Amino acid sequence: MTTLRIAGGRVLHPDLSVSEADVLVDQHSGEVLDVGETEPGDERLDAEESLVMPGLVNAHCHAAMTLLRGYADDKPLDAWLQEDIWPAEGELTEGDVRAGAELALVEMIRTGTTAFADMYFHVPEIAEAVEEAGVRARLGHGVVTVGKDDGDAYRDNDESIEVAREYDGVAGGRVKTAYMPHSLTTVGEEYLREFVGKAREYDVPVHFHANETRDEVDPIVDERGERPIEYADDLGMVTDEDFLAHGVHTDETEHELLAARGASVVHCPASNMKLASGMAPVQAMRDAGVNVALGTDGAASNNDLDLFDELRDAAMLGKLAADDAAAVPAEAAVEMATAGGAEALGFDSGRIEEGVNADLAVVDFSAPHLTPVHDYVSHLAYAATGGDVRHTVCDGEVLMRDREVQTLDEAAIREHAESRAAAVAERAE
Ligand SMILES: [Zn+2]
């Protein structure tokens, strides 16, 4: 057994209290062994003037979209997808997806994210990049059947199920999978009925976009006379394993249903603001008992993968949505980005205690913008940025030490992504 002691700092505990403590990690099992006055440990990671917190969880993302960061902005969702994003994505090769995913992983590790959920294509490339990077992920192949003939629609669904079966548990268990139909309006009912059943058979969860815009809700209500989450529930895709992105235009009935089933909602405030999708009723969802996580969505609609921005946006937008400055307090935002995210993705992470996965971020509190410290949790939500993360640890392995990424070659990845992105833009013209 090799042990790592993260020493000399303060620790954010599961109840969000903070105290001076060390964290001892078993690097072989990847779990936290002890929190407090621990044994010395074989290796030491300095945490002086720093806060050791659970690694952040980005519960909804399209990692390889980093290649399209800043490619098209300032348009409504529909026009943005159809005129810019889908044509450019149509040009992405396996190598491009790999390059974009690696760039995303460098950005995540630098900003303290240790787990993420990803919906995209060329998933085997993404799984390999995750294995190399050392983070934890729930990956899936995104399915769209609108505009496809039956054969193509079946192939797309089959690929999503096959990838989920084949890659679940790879990278020493750090990679998990899900069946990922894009949304309730972009995948036909007959396919959802059949393939959600297959996901259950193979014991993988379902992840999809839901209630993101009004344009996505109205057709379902008009055609079926029921709310989208009720429709999804009829299809069996709202179980306690499943998680859906956005939930912007959801009502009380849907919140009660989500809470009763135990499904999670991934709130993506920056994407919702940028695409003017609306304000998710996060406080109302939490009050109803729904587990809410945070996600950045793709880098083309954010435009970064820094979850500290999401923490702040969630707390701010939650207040506007509820018309109440007491809504979505700092504690709620921090909880959503850590324990809430881990619960949504089904990982035993998101809190620092004995026996839990050692997925951690060490945040440097010595910067002027984090001085003085009246309240650590307030700073995490309102004042810290991803650039304040000093060390990132996942599964007991140090992925970044003193702001140097250890597992990936950052300079080479940046250069490669730059040239790949330029070529994609040229082909998409
Ligand atoms: Zn998305």
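Taken together, the values in this text are just the output of simple stated rules run on the coordinates, not laboratory data. These numbers were taken from a predicted model, which means no experiment stands behind them. Neighbour counts are summed over all protein chains in view; Cβ atoms, including those assigned to glycine, are modelled from backbone coordinates with ideal geometry.
Just a few scattered comments:
- The mean sequence separation of alpha-carbon pairs under 8 Å and at least six residues apart, normalised by the residue count of the chain, gives a relative contact order of 22 percent.
- For K274, the lysines whose Cα comes closer than 21 Å to its Cα, not counting residues fewer than 8 places off in the same chain, are K75, K319.
- The range 328-429 - charge dipole about Cα centre, Lys and Arg +1 at Cβ, Asp and Glu -1, debye rounded to 20: 240
- Couplings for the range 105-118, taken from phi via the Karplus curve 6.51 cos²θ - 1.76 cosθ + 1.60 with θ = phi - 60°, read 5, 4, 5, 5, 4, 4, 10, x, 8, 10, 8, 8, 10, 10 Hz in order; Gly and Pro are left as x.
- Residues whose placed amide H lies under 5 Å from that of G188, excluding near-sequence neighbours: T145, V146
- Acute angle (nearest 10 degrees) that the helix 410-428 long axis makes with the longest principal axis of the chain, alpha-carbon atoms: 20
- Nearest-ten-degree value, helix 252-261 long axis tilted from longest Cα axis of the chain: 70
- Nearest-ten-degree value, helix 214-224 long axis tilted from longest Cα axis of the chain: 50
- Mean separation of Cα contacts under 8 Å, 6 or more apart, over the residue count of the range 308-372: relative contact order %: 18
- Loop-located trypsin sites (Lys or Arg not before Pro) in the range 356-429 whose Cβ has at most 15 other Cβ within 10 Å (DSSP): R403
- 3J(HN,Hα) along the range 184-195, derived from phi through the Karplus expression 6.51 cos²θ - 1.76 cosθ + 1.60 where θ = phi - 60°, amounts to 6, 9, 9, 10, x, 4, 4, 6, 4, 4, 6, 7 Hz, with x in place of Gly and Pro.
- Partners for K176 among lysines (Cα-Cα distance below 21 Å; same-chain residues under 8 apart left out): K198
- Ranking of M273, M237, M400, M1 by count of other Cβ atoms within 10 Å, fewest first: M1, M273, M400, M237
- Rounded to the nearest 500, the 222 nm mean residue ellipticity of the chain from helices alone is -11000 deg cm²/dmol, with -39,500 (n - 2.57) taken per DSSP H run of at least 4 residues.
- Ranking Y382, L307, M237 by Cα position along the charge dipole of the chain, where only Lys, Arg, Asp and Glu carry charges on their C-beta atoms, puts Y382 farthest toward the positive end.
- Farthest toward the positive end of the dipole of the range 125-192, out of L184, G147, A129, is the Cα of A129, where the dipole comes from beta carbon charges about the Cα centre.
- The range 266-386 shape via C-alpha gyration tensor axes, a/c threshold 1.5: rounded
- Dipole magnitude (debye, nearest 20) for the chain, charges at Cβ of Lys, Arg, Asp, Glu: 480
- Qualifying GluC sites (Glu not before Pro) in the range 277-368, where qualification requires a DSSP coil assignment and no more than 12 other C-beta atoms within 10 Å, comprise E354.
- Hz values of 3J(HN,Hα) by residue in the range 60-72 - Karplus curve (6.51, -1.76, 1.60), Gly and Pro given as x: 7, 7, 10, 4, 5, 5, 3, 5, 9, 4, x, 6, 8
- Residues whose amide H comes within less than 5 Å of that of V398, counting only those at least five positions distant or on another chain, are absent (H built at 1.01 Å from N in the peptide plane).
- In this Cβ point-charge picture (+1 for Lys and Arg, -1 for Asp and Glu), the range 12-156 has a dipole of about 480 debye about its Cα centre.
- The amide H of V266, built 1.01 Å from its N in the peptide plane, has L244, A245, H246, A293 as neighbours under 5 Å, considering only residues 5 or more places off or on other chains.
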